[in-house]
Amino acid sequence: MPRGAESPAEDSHTKTQRQNKYMLTFLIAFAAAAVASYFTYGAGEGGHWGWAILAALGAALAVIIPINLFVRRQLNAVVGAIQRDLLAMQEHIRAKATTLANRGQGSPKLVAQLEQEQVESIRGVMPQIDSLRKYRLWNPLVKSQADLMKAQLLYQIKDYDAARPLIEKAIVFDPSILCMKMILQWKKDPENIELIGKIFRKSIPRFKYEKGTLAYATYSWILVKQNKLTEAVTLLDEAKKKTEDPVIIQNWENLANRRLTRFSNAGLGESWYALGLEQPTPVRVSQQDRFGGRMRGGFRR
């Protein structure tokens, strides 16, 4: 089993926890509201529901607001530390890659050493990400966002088997997440184009105009790889009308005229290469770019 992957027993235990847990913040707030309304109603002669309701709301807010502020501060502190560690790692490796390239020492062996250093650094922050899960009872979004952060990093170091189950459960709020879902499904079962298409069609309406460019480019690349050229032309015809992107338009023209060797998403730049399907050229650019990718996502307020 790949490092970072969860065993079936662990996954079953997690599902049981998720099914049986309550969000503690609202549970405590509900208890406080019930107590406050009970005593407020009983304190008045004959009782008064209006004052009881106001007391319940006040008690609930008195619990929810400070707890949320406290949890947010804790989360921001941990996430900030993770991001600083990742940034320091990226800057360190980028500097080494640049130095080696300037010296003409960018051999495959040295590049592989830098890649291994990146892998070890990213795996080093995994325990910090896992530590965020302890806040899931206070904030129901914490676990899903921590899992997404972990999935993006695992994808970056090409631990696809460990990233796949996390990405499959992720909410698609960014085109890169949709692209990773399609790519991981393709790597798992390249012949199941129909399922990849369903993944694409389910989420692409969320991305209007140029925001959908990367997703269209990725899906068309997969179709070309699977020799589904008619489907790729149809897809790019749709994409060029919606995105008006020059790379999409050029690829549509190349495929429509059977110029397959000219099909390329290189014009999309770093956003394309960050998906790991192709590497940029020449070698010097490749060494500098491949270690400087920016992770998207994280914790949203």
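The values are calculated or read from the model by the stated rules, or taken from the named source; none is laboratory data. Just so it is clear, the structure is predicted and the values come from calculations on it, not from any experiment. The area values use the complete protein model at the heavy-atom level, side chains included, leaving out ligands, DNA and RNA. Shrake-Rupley method; radii C 1.70, N 1.55, O 1.52, S 1.80 Å.
Before moving on, here are some points about what is shown:
- Of all accessible heavy-atom area on segment 86-141, the percent that carbon and sulfur account for (1.4 Å): 57 percent
- Cα gyration tensor, segment 100-154 - rounded (a/c under 1.5), prolate or oblate: prolate
- For segment 150-229, the alpha-carbon coordinates run over 31, 27, 18 Å along the three principal axes, in decreasing order.
- As computed over segment 60-181, the Cα convex hull volume per residue (Å³): 119 Å³
- In the context of the full set of protein chains, segment 203-253 has a per residue accessible area of 50 Å² (1.4 Å probe).
- Whole-Hz couplings from phi, Karplus 6.51/-1.76/1.60, listed for segment 138-148; x for Gly and Pro: 9, 9, x, 8, 4, 4, 5, 6, 5, 4, 5
- Cross-link partners of Lys228 among lysines, defined as those whose alpha carbon lies under 28 angstrom from its own and excluding same-chain residues fewer than eight positions apart: Lys158, Lys169, Lys181, Lys187, Lys188, Lys198, Lys202, Lys208, Lys211, Lys240, Lys241, Lys242.
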